[in-house]
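One structure below.
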């Protein structure tokens, strides 16, 4: 479990995070939802340690991360896997080497054979068992995301962070990536935090959703509750999506909840 | 200016704290030696050979006094090559080639979040990416300068012989006159200092690039400009201190 307590962050006097307090639950896909410029990515970067919050604390399973000793921070960081918005694959390495890289760096005690088995397992898990020899420039955006996920889970991460995993992908690939993240989260019981503004992701994988608006947490709940949330800013955000409007219509007509409003039905409307 | 220098020193400090394992650093340094050293041999060879040739021809053109022996041309080519042309011009050429490559490479890694990916893994990105580049530069620049010295002197020999400015015997006689071995040591000290300046300044500029492709280009240009200025200042300071 990751606990964020009263995290504040400003840039040049402009306060981006205004005292955010929230919890990311273990074994669930926790979504940080919000429009552009609401501070989602800044909060994510504060959590993973790429930025230092001005105030507040972040705790990983009871261990304080912010302002703690470098060694403790390193210990926590080594349990973190991250999928970046642009995948951030090392472009001088092959797909195989990208996935092997954290193992080589973080677990020097692993033998070459053990590393090879682990890399092959991770690549197979994301459906890229035949792409190991390719360079990042030779694969599609969706494949890059899969490699990013494989690299993140290779060292048996406890916490998985995904910064807009669907950006730049077509809807079908987006759904596949969402499903993969969801499956991996439940399969390994890890704490996953996904930054998104994509309502499709909310419907697909939103086990726990935190809605940010102008640097503040306005709402949290799950995907079954979000359509009935009574927060005006959240309602405005979610119903700006045609797909969600359609899904809501199906929901109202069938009274079957969001489960009844599959993507196919929504599209048919 | 003072703030930028302070940031530069902090950057160097960050590179030396939390270093990666020695085997990793050594492997990375060898990789960088290939990029910085081996891949620069061709351009260094071409530039130094022609500089030696042109120096020889131009000295011969200016040396019209019949009282001065023609072997002086060989002597002057050697002195100019060892003391100044080989270390300084080679380093300026490498500032353009290696400096822009380092700044561009690190800048691209920064804007495509590859540096952040290393940081999230708990790897000291400065130590992993920058330290081997600086070390490789400091190892390879002196070797390239030695190559440049040899090729420059050979270039002068060929140019002098082919144009008839002086005979091969006179050139060799000049080359062997009043040789001071310390000059070689001085040139190598200069090359190590220049290597550090070029690689550290370029890494600093690239590592802190923010924005997009345009900023990466700007970082490369600034890195080369600053490196060349630093080389020229260091050249003067070292000459004043060590000669």
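The residues of the range A:32-91 that are crowded, with 23+ Cβ neighbours inside 10 Å, on the phi > 0 side of the Ramachandran plot and either more than 8 Å from chain B (Cβ to nearest Cβ) or modelled with pLDDT under 90 (or both), listed by number, are A:34, A:39, A:87.
One residue alone among B:131, B:141, B:186 is out of contact with any strand residue (DSSP E or B) (no Cβ under 8 Å at 6 or more places or on another chain), crowded, with 24+ Cβ neighbours inside 10 Å and not in a loop (DSSP other than H, G, I, E, B), and that residue is B:141.
Residues in the range A:10-28 that are over 20 Å from the mean Cα position of the chain (by Cα) and without any contact (Cβ under 8 Å) to a residue 60 or more places away in the chain: A:10, A:11, A:12, A:13, A:14. In the range B:5-29, of all residues being more than 22 Å from residue B:230 (Cα to Cα) and without any contact (Cβ under 8 Å) to a residue 60 or more places away in the chain, the one that is farthest from the other protein chains (Cβ to nearest Cβ) corresponds to B:26.
Looking across the range A:95-117, the residues that are loosely packed, with under 12 Cβ neighbours inside 10 Å and either away from chain B (no Cβ under 14 Å) or within 28 Å of the chain's Cα centre (by Cα) (or both) come down to A:108, A:111, A:113.
Mind listing just one residue for me: the one in the range B:163-177 that is closer than 14 Å to residue B:58 by Cα and surrounded by fewer than 20 Cβ atoms within 10 Å (Cβ to Cβ) and, of those, modelled with the highest pLDDT? Taking the candidates together, the pick is B:163.
Residue A:220 passes every criterion in (1) surrounded by 15 or more Cβ atoms within 10 Å (Cβ to Cβ); (2) modelled with pLDDT of 85 or more; (3) part of a helix (DSSP H, G or I) apart from (3).
The values are calculated or read from the model by the stated rules, or taken from the named source; none is laboratory data. Everything quoted here is computed from the prediction, not taken from an experiment. Using ideal geometry, Cβ is built from the backbone for each residue, glycine included, and neighbour counts are taken over all protein chains shown.
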